[in-house]
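Trainee: Here's a structure for you.
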Amino acid sequence: MCSSDLKLISPAQEQDDPDQEVEGLGLFAAMDVVLVLDVSGSMADQNPQTGKTLLSYAQDASISFARTLFALSPESRVGIVAYETIAWPVAGLTDRQGRQSLFSLIRGISWGGMTNTGDGFLKADDMLTSQAEAGRAQLVLMLTDGIANEGGSDPKQYAIDRGTDLAAHSLVYTVGMLGNYSAENLSYVRETLHAGYETRYFEITFSDMEE
């Protein structure tokens, strides 16, 4: 599945019509997907134009992704991991019938704490190892502002190592939700989220998020 294949159902559509679907039902084979959300204190940073937080954008994107996946691949399942100082499962792998409960759990996540990116990868790995169905594609999508500052003696290396472990059996996509970062911080984010293991890394700015 690539971005050009997906017409994301927006949060506005979700609110107007909770059962809104897109064309192409059953287009993709079933897969197990874990969405990993950074909910650390820095995810409370706001878009200076709208006042909307990074976490709110991440929640919107997660719901839009899951809703679209369920429409295009009704047998797929989606789980949620959140992380700050530690990571934890918000929802195990959930099928389409449980999507409204899943979306409510995503909306209920709040921010706080440090940024243990490595533990986010680890808990996603644990969920897939214990819950994924044999023969299904496994995918992890992480949404984060990318500044790992917790985990092991070297938080960046800890994140890289756990990402490498995860990528051994799953497709890993990371999205850096970046504001006005310095060159040094940008370098840190890129090294953490796209460090040579098989990760598909994307960067988006506040203007991208509004779109």
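The values are calculated or read from the model by the stated rules, or taken from the named source; none is laboratory data. Everything quoted here is computed from the prediction, not taken from an experiment. Because the Cβ atoms are built from the backbone with ideal geometry, glycine has one as well, and the counts that use them run over all protein chains shown. Areas reflect the complete protein model, heavy atoms only, side chains present, ligands, DNA and RNA absent. Shrake-Rupley method; radii C 1.70, N 1.55, O 1.52, S 1.80 Å.
Trainee: Report the gain in length on full extension from Ile86 to Ala29: 0.36 nm times residue separation, minus Cα-Cα distance, nm rounded to one decimal.
Mentor: So the extension gain works out to 17.2 nm.
Trainee: Sort 68-76, 186-194, 108-116 by the packing proxy (mean of other Cβ within 10 Å over each peptide's residues), most packed first.
Mentor: Ranked by mean Cβ neighbours within 10 Å, highest first: 68-76, 186-194, 108-116.
Trainee: Can you list which of the trypsin sites (Lys or Arg not before Pro) found in region 67-108 are DSSP loop residues with at most 16 other C-beta atoms within 10 Å? Don't skip to the answer; put the middle values down first.
Mentor: Values: sites: Arg67, Arg77, Arg96, Arg99, Arg107; in loops: none.
Qualifying residues, ordered by number: none.
Trainee: Using a 1.4 Å probe on the protein chains only, how many percent of the accessible area of region 83-178 belongs to carbon and sulfur?
Mentor: Of the solvent-accessible surface of region 83-178, carbon and sulfur hold 52 percent.
Trainee: Using all alpha carbons of region 98-162, what is the percent of pairwise distances in each 5 Å bin, ordered from the shortest bin to the longest?
Mentor: 4, 14, 19, 22, 20, 13, 7, 1
Trainee: Taking 0.36 nm per residue of separation and subtracting the Cα-Cα distance, what length does fully extending Thr50 through Ser187 add?
Mentor: Fully extending the segment from Thr50 to Ser187 adds 46.6 nm.
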